[in-house]
1. List every residue pair whose Cβ atoms lie under 8 Å apart, where the two residues are 6 or more positions apart in sequence or sit on different chains, the first residue falls within the stretch 128-152 and is closer than 20 Å to residue 73 by Cβ, and the second residue, located anywhere, is modelled with pLDDT under 50 and surrounded by 14 or more Cβ atoms within 10 Å (Cβ to Cβ).
2. Looking at this structure, is residue 70 part of a helix (DSSP H, G or I) and under 16 Å from residue 139 (Cα atoms)?
3. Which of the following residues is at pLDDT below 85 and under 30 Å from residue 123 (Cβ atoms): 55, 82, 4?
4. Considering only the stretch 30-45, I want to know if a residue exists there that is closer than 19 Å to residue 140 by Cβ and of a type outside the set (S, T, N, Q).
Amino acid sequence: MPRGFADRSMRRRTAADRAVWPGAAFVVEALILLVFLAGCLAVFMQLFGDANETGRQNVQLEEAVELASNRAERFAADPLAGMGEPGEGGAYASADETDDGLTVICEVVPEPLSAGVLYRASIAVTADGEEVFSLATARYVAGAAGVADVQGGGANG
């Protein structure tokens, strides 16, 4: 046997011979997995936050659509219901606030015609000054000579 081989096999292992710890690969792999898990967690938290915000906006939009359609139905039944005195250009306006922080703004503009009055309504629902939803509708009231004649509402005067 060569002399170098016998010397190495007979002597005791020292710290220099075992410089690499056998569990080092496990620790490195665990750290890599931990970094990957933290990155995934950050991405998912951002996605959940965006989904929560989108859900809140959808609920607000749904409430705004319901409020606007309710106001449009009131307008269809009586174009000047809930309106005060006419403002500039003969337009009527009203603003109703809800408990949810939404404001329903309705502006009705009467247009006298030869055989009646055409009422045009613009309905907007706002939250904190920002428009959430709006719609426009109109109703024709036949047989009315002018705006003052149909103040009571309805097709028959």
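The values are calculated or read from the model by the stated rules, or taken from the named source; none is laboratory data. Bear in mind the structure is a predicted one, so any value in this text is a computation, not a measurement. Glycine gets a Cβ as well: all are built from the backbone with ideal geometry, and neighbour counts include every protein chain shown.
1. 141/150
2. Numbers: part of a helix (DSSP H, G or I): yes; under 16 Å from residue 139 (Cα atoms): yes.
Taking the combined requirement at face value, the residue satisfies it.
3. Details: 55 fails: at pLDDT below 85; 4 fails: under 30 Å from residue 123 (Cβ atoms).
Exactly one residue qualifies, and that residue is 82.
4. Step one: filter the stretch 30-45 for residues closer than 19 Å to residue 140 by Cβ, giving none.
Among the residues of the stretch 30-45, not one is closer than 19 Å to residue 140 by Cβ and of a type outside the set (S, T, N, Q), which makes the answer no.
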